[in-house]
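Notes to accompany the following structure.
The values are calculated or read from the model by the stated rules, or taken from the named source; none is laboratory data. This one's a predicted model, so the numbers in the text were calculated from it and none came from an experiment. Note that each Cβ is placed from the backbone with ideal geometry, even for glycine, and that neighbours are counted across all protein chains shown.
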Amino acid sequence: MNQLLSAVINGVATGVPLFLVASGFTLIYGVMGVLNFAHGAFFMFGAYCFAVMLGGQALSLPMFLLYALGAAAVIAVLGVLSERLVFARLYNSGHMINLLAAYALMLMLIGLSILVFGTTTYHVPRPSPFKGAVHIGTVPVPSYNLFVIAAGLIVAAGLWFLLNKSSLGMKIRAVAHDRTTARALGVRAPLVGMGVFALGCALAGLAGALDSPMISVAQGMDATFAIQFFVVVIIGGLGSTWGALAASLLVGLMESLLVYYAPAWSQYGMYILVVIVLLMRPQGLFVRGPAITHS
Amino acid sequence: MSVQTPAAPPTAPPADLASRATRALGRFDVPVVMVVVGLAVAFFPTNLQFLATTMLIYGLLAMSANMIVGWLGTMTFGHAAFFGAGIYFVALMKDFHLNPLLLVVLAGVVGALFAAFFCVVTLRLSGIAFVMMTMVFGQVLYLLLFTIKKLHGDDGIPGVLPGKLLGFNLLMPKYFWWYAVLVVGVCLFVMRLIHRSTFGHSVLASRDDPIRAAALGVPTLSIRTRVVILAGFFAGVAGALFVQQQGIASSDTLYWLNSGNIVLMCLVGGRGHFFGPVVGAVVFVWLNTQLFQGINYANLFIGGIFLVIVLALPGGLSGLPGKAVDLFRRLRSLRGGRP
């Protein structure tokens with residue numbers, strides 16, 4: 001029972017960064033039709049920027065949050081730059097060319113990160129109020145994990161509000177639904193696209209910052225993480241933010257439960273999950289209708 | 001607000017130089033090209049012969065990926081799985097000292113079997129779900145390298161010797177070059193035959209208009225299955241050649257980034273042209289192993305170069321001669337004052 005509780009909490013905490021990255025990825029796909037392969041690299045850049053800004057010092061909570069948002073802002077700028085320079089030129093070129101451009105961009109970012117940050121491993125300390133463990137009943141739980149879960153809840157609520165209750169969200173949904181009609185009705189689609197790219201990349205950067213105290217920041221983290229959030233996006237359904245939320249929690253839980261109860265299988269967990277979901281519901285859990293086909 | 005640039009046409013104009021040349025050669029284009037290239041490289045120094053062999057093997061691999069990307073018009077991010085199946089099969093067989101050609105054929109069969117299994121799993125999927133399953137399949141095989149003790153994870157399986165063929169020791173790069181030319185040439189010739197057969201035409205028909213093709217009685221699903229199995233076969237053959245040449249089976253050949261690189265090769269070379277993927281493979285291998293050799297951030301430049309190619313030449317490098325001819329004609333008509 002104790003083991004189950006800590007497995008669940010750790011699983012949800014691993015799911016939060018996944019959700020942040022996957023929701024940004026799926027948002028960009030939904031609005032612009034770009035499967036942004038470089039998203040994992042943006043996540044890695046976020047983690048690196050954060051680690052460099054902190055320089056190994058443990059901060060108080062407000063400063064920690066400020067630095068994390070700073071890292072997210074840097075990645076947002078990077079995202080807008082890549083949207084202006086690359087994807088804005090490819091809006092009408094179809095999925096294949098976009099995919100290829102995103103892949104080439106990812107290679108560039110991987111190279112750039114080696115050039116800028118080197119191949120050393122960075123360790124990021126937790127913020128000072130969340131260094132220890134909290135006891136729930138008799139179970140010790142790292143308090144930082146609870147903090148990450150809370151941060152994830154806040155971001156999810158913020159996203160929900162932004163997409164469903166604000167006028168900007170309405171414009172984003174309009175462009176995602178039908179770009180041409182939205183433009184005809186006076187929505188400035190290129191601006192919305194830029195904003196969505198900034199938002200999606202900021203989420204990836206924030207995920208990198210929040211995740212960095214739980215992992216070690218090193219080269220190659222983008223490729224392993226990318227596989228995880230691709231799987232999450234497919235399970236949840238491409239283009240569905242709430243699918244991304246449910247699927248990232250599912251994948252996080254599955255992985256941590258397997259680590260506790262069947263360690264030999266822990267790496268295969270998410271693949272088994274995706275195979276089951278794809279065979280039952282090829283379009284993903286949270287997308288109605290037939291499977292999305294691409295041209 | 002910026003003005004959106006109009007999209008360039010996705011494929012090269014039909015009358016470009018390269019396709020005109022292949023049309024002139026008729027059905028002998030593959031043998032003629034292979035013999036000419038084979039003879040030319042035979043005069044190169046040994047290290048360049050080794051490099052050319054690597055390029056040729058990657059060329060075959062990219063061609064096999066192009067059967068899925070170009071012929072079927074879908075995507076794959078798990079092609080390294082079939083490549084790796086061939087690699088690890090030959091590496092596991094190293095103590096039996098079989099005939100190298102027999103090993104190559106068997107590796108192809110192993111690749112085809114993996115592809116068949118993959119097809120059974122993904123029978124009901126299409127579109128992005130199918131593409132994602134290629135990636136999942138590749139990653140699961142990659143993880144198996146670390147789970148199954150016999151495959152040695154990151155250490156790989158070293159000491160794979162190519163053996164002897166008709167008394168020639170294939171350890172010598174010049175003999176291996178001709179061996180690779182023979183195997184790859186036969187594979188490309190067979191691919192060309194398939195591409196031109198009625199089966200090939202129904203593949204292209206179901207890519208261009210799946211609904212109409214299905215209405216005309218083309219079994220689109222079974223076509224996809226057969227093409228993927230064939231692609232798995234040729235990727236397995238490429239894997240066997242690769243491990244025979246390199247002498248070691250290593251885990252990173254199966255990583256999903258390698259699958260991505262294979263797709264990059266075939267799209268950068270151009271899907272529109274039959275030999276396009278080989279061009280892409282040659283450029284990629286040259287950039288990776290020669291131009292930026294020893295720079296650990298080489299990906300910055302490689303990604304940058306490919307990004308420029310994607311933005312400037314959506315039809316791929318093999319559309320370049322056609323574009324050059326177009327530009328030349330336009331310049332001439334400008335100078336002559338004709339419209």
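Brief remarks follow.
- Region B:174-185, residues that are crowded, with 16+ Cβ neighbours inside 10 Å and either over 18 Å from B:V36 (Cα atoms) or within 22 Å of the chain's Cα centre (by Cα) (or both): B:F176, B:W177, B:W178, B:Y179, B:A180, B:V181, B:V183, B:V184, B:G185
Every residue, every condition in (1) farther than 26 Å from B:V33 by Cβ; (2) of a type in the set (F, W, Y), yes or no:
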| residue | (1), (2) |
| --- | --- |
| B:L61 | no, no |
| B:G70 | no, no |
| B:G73 | no, no |
| B:F77 | yes, yes |
| B:A81 | yes, no |
| B:V90 | yes, no |
| B:K94 | yes, no |
| B:H97 | yes, no |
| B:L102 | yes, no |
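- Within region A:178-194, the residues that satisfy the criterion of being in a helix (DSSP H, G or I) and either among the hydrophobic types (A, V, I, L, M, F, W, C) or within 13 Å of chain B (Cβ to nearest Cβ) (or both) are A:R179, A:T180, A:A182, A:R183, A:A184, A:A189, A:P190, A:L191, A:V192, A:G193, A:M194.
- Inclusion of B:W256 among residues that are at negative phi and within 7 Å of chain A (Cβ to nearest Cβ) is warranted.
- Condition check for B:G315 on (1) at pLDDT 75 or above; (2) within 12 Å of chain A (Cβ to nearest Cβ); (3) closer than 30 Å to B:V30 by Cα; (4) not in a helix (DSSP H, G or I): one failure, at (1).
A quick yes/no check of all residues on (1) surrounded by 19 or more Cβ atoms within 10 Å (Cβ to Cβ); (2) within 13 Å of another protein chain (Cβ to nearest Cβ); (3) part of a helix (DSSP H, G or I):
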residue: B:V69; (1), (2), (3): yes, yes, yes
residue: B:Y88; (1), (2), (3): yes, no, yes
residue: B:L102; (1), (2), (3): no, no, yes
residue: B:V110; (1), (2), (3): yes, no, yes
residue: B:V120; (1), (2), (3): no, yes, yes
residue: B:I128; (1), (2), (3): yes, yes, yes
residue: B:M133; (1), (2), (3): yes, yes, yes
residue: B:G138; (1), (2), (3): yes, yes, yes
residue: B:F146; (1), (2), (3): no, yes, yes
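- Region A:103-131 - residue that is among the polar types (S, T, N, Q) and more than 14 Å from every other protein chain (Cβ to nearest Cβ) and, of those, surrounded by the most Cβ atoms within 10 Å (Cβ to Cβ): A:S128
- Check on A:V134, more than 8 Å from every other protein chain (Cβ to nearest Cβ), under 23 Å from A:L210 (Cβ atoms), touching a Leu at 6+ places or on another chain (Cβ under 7 Å) and surrounded by 18 or more Cβ atoms within 10 Å (Cβ to Cβ): no
- Any hit, region B:295-310, residues being away from chain A (no Cβ under 11 Å), free of Cβ contacts under 8 Å to residues at least 60 places away in the same chain and either under 20 Å from B:A65 (Cα atoms) or among the hydroxyl-bearing types (S, T, Y) (or both): no
- Meets criteria (surrounded by 14 or more Cβ atoms within 10 Å (Cβ to Cβ), touching a residue at least 40 places away in the same chain (Cβ under 8 Å) and part of a helix (DSSP H, G or I)) for A:G200: yes
Residue by residue, here is whether (1) out of contact with any Ser or Thr (no Cβ under 9 Å at 6 or more places or on another chain); (2) away from chain B (no Cβ under 14 Å); (3) surrounded by 24 or more Cβ atoms within 10 Å (Cβ to Cβ); (4) not in a helix (DSSP H, G or I) holds:
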| residue | (1), (2), (3), (4) |
| --- | --- |
| A:V21 | no, yes, yes, no |
| A:G40 | no, no, yes, no |
| A:F43 | yes, yes, yes, no |
| A:G46 | no, yes, yes, no |
| A:M53 | yes, yes, no, no |
| A:Q57 | yes, yes, no, yes |
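- Total residues in region A:101-121, condition among the aliphatic types (A, V, I, L, M) and touching a Gly at 6+ places or on another chain (Cβ under 9 Å): 8
- Restricting attention to region B:241-253 and to residues that are within 25 Å of B:V30 (Cα to Cα) and surrounded by 22 or more Cβ atoms within 10 Å (Cβ to Cβ), the residue that is nearest to the other protein chains (Cβ to nearest Cβ) turns out to be B:F242.
- Residue in region A:77-87 that is in contact (Cβ under 8 Å) with a residue 40 or more places away in the chain, within 14 Å of chain B (Cβ to nearest Cβ), part of a loop (DSSP other than H, G, I, E, B) and surrounded by 17 or more Cβ atoms within 10 Å (Cβ to Cβ) present: no
- Applying a threshold of 6 Å to beta carbon distances and a minimum spacing of six or more residues, or different chains, the list of pairs starting in region A:259-279 at a residue that is buried (at least 17 other Cβ atoms within 10 Å of the Cβ) and ending at one that is among the acidic types (D, E) reads A:G269/A:E255.
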